Amino acid sequence: MKTFKIYTLGCKVNQYESQALAEQLLSQGLIRARGPADLYVINTCTVTRKADTKCRDAVKKARKQNPRAFIAAIGCLAQHNADFLKKCGVDLTVPQDEKHKLIDIIFKKDQAGKTDIWDLKINSFFYQRAFLKIQDGCDNFCSFCKIPYLRGKPSTRPRDQVLKEAERLSLKHKEIVLCGVNIGFYGKDDHRQGSFSSLVRDILDLPGLGRLRISSISPLHVDQDLINLFSHPKLCPHLHLPFQSGDDRILARMNKKCRTEIYEQVVSRARTLNPDLAVSCDLMVGFPGEDDLSFEITSAFLEKIRPMRMHLFSFSPREKTGFEGLVLKNVKQVKKRYLTLKSLALQWAEEYACRFKGKTLDLIAEQKKTGFVTGYTENYLPVRVPDQDISLGDLLKVKIDRVKKGKVYARKITLNGQGNEARIKIVDSL
């Protein structure tokens, strides 16, 4: 084998683990393939039926590119349904709890030194903002989710490993995003590592850190210590909370430990500290038992919160959850509710973005599109800036000029010694 490709499905944790495996393959002398590869690694997801289908399609795509390639499938679907993947044409399946041994398995090396998932480490990330995995596993057993059966109980990454990796990543990346299966469980299984909020504080103290972002976290784990840290200039003022529903009856059926009162309290405390703090959320539509009244209650709850971004998805029956054999009868109604919430999401996103017209924010240049550089500000606004010799990865000051049809446009500015906008000629291609 001389070349490899990795296809990654699913969450930030999978993306982190794929990067770690890529670094291991590179250390073995393999190179990333631009065309067909000798080795394909499919890092699978099985959170929804659609995810299963995408995994199958990734296998087919790899086999079509090179019929003689060696294809290995790892991750959650490999843990849950290896037979399905083998029928799709995979040569090797490695379950989630042995993912860190993949390279040794492929190259038939001694695995004695591989102890756990924390053997997967990275020195850089394939994107401008670097993901840093600090935690794995979950034991909440929400009734729509089978991840606890696949990734096991909560597992905390040793604090010294996290801090050392944060230092390494800060040398190449202006933003670090903390991720895990349920990051609020950090320290739950190993109290010696301390709490999640204390870990965040320690990372913020690193001298080389650009800025730090917290990925999805349950409101149950957002304590006052964590909220207070949002006054730190290096912590991105952004909370992503997995609401799933705004109706307590549905939340109970979901076996969620949170109720809407807790959601509202966390958002209220965070916005008391910083009224402009971005609040985004996950929201599921069509969970069994959701009726018109439940949807109205959820809509009213969201009207109070007015999240600046919503990740919407429809309920998908999953094995081991108690709903695996369910056939949804109200598909049209679910689609209608989905479209209603999507419309509200667009409205609230534009409303939030418009607050920042004329204001200066910090942007990390992440991608180049025709005439523009795009990236996220500290408060998670996706912004377009005219490309004026901006290098990807740069952290720059931008002034928000306008918001049009959900798109946010800004221009790069330079501040003088007094912190005011310097008078420079700017070519505005908007």
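Derivation of every value follows stated rules applied to the coordinates shown; laboratory data play no part. Note that the coordinates shown come from a computational prediction; the quantities given were computed from them, not determined experimentally. Neighbour counts run over all protein chains shown; Cβ positions are idealised from the backbone, glycine included.
Quick notes on this one:
- Cβ-based charge dipole, the chain, positive-most Cα from Leu178, Val383, Leu163: Val383
- Karplus-derived 3J(HN,Hα), 6.51/-1.76/1.60, for each residue of the stretch 145-151, Hz, glycine and proline x: 10, 9, 4, x, 6, 9, 9
- Inverse mean reciprocal Cα-Cα distance (Kirkwood Rh) of the chain, Å: 23.2
- Considering only Phe315, Phe185, Phe107, the mean-square fluctuation computed in a Gaussian network model of the chain, springs between alpha carbons under 10 angstrom, is largest for Phe107.
- Amide H contacts for Thr93 (H built 1.01 Å from N in the peptide plane; partners 5 or more residues away or on another chain; cut-off under 5 Å): Ala73.
- Exposure proxy ranking, count of Cβ atoms within 10 Å, fewest first, for His191, His100, His240: His191, His240, His100
- Environment charge of Ile217, counting only residues whose C-beta is closer than 12 Å and scoring Lys/Arg +1, Asp/Glu -1: -1
- What the Cα convex hull of the stretch 35-89 gives, in volume per residue, is 66 Å³.
- Farthest toward the positive end of the dipole of the chain, out of Gln65, Pro237, Ala410, is the Cα of Gln65, where the dipole comes from beta carbon charges about the Cα centre.
- Rg and Dmax over the alpha-carbon atoms of the stretch 255-370 stand at 17.2, 53 Å.
- Here the chain is treated with +1 on each Lys and Arg Cβ and -1 on each Asp and Glu Cβ, and its dipole about the Cα centre works out to around 1500 debye.
- In sequence order, the stretch 217-227 has phi-based couplings of 9, 5, x, 4, 9, 9, 8, 5, 4, 5, 4 Hz under the Karplus curve 6.51 cos²θ - 1.76 cosθ + 1.60, θ = phi - 60°, and Gly or Pro positions carry x.
- Kyte-Doolittle at least -0.5, axis length at least 15 Å by Cα - qualifying DSSP helices, the chain: 260-273, 292-305, 331-354
- Leading residue at positive end of dipole, the stretch 213-321 (Cβ point charges), from Ala252, Pro288, Ile217: Ile217
- For the stretch 3-106, dividing the convex hull volume of the Cα atoms by the residue count gives 86 Å³ per residue.
- Within the stretch 76-208, the percentage of alpha carbon pairs spaced more than 23 angstrom apart rounds to 44%.
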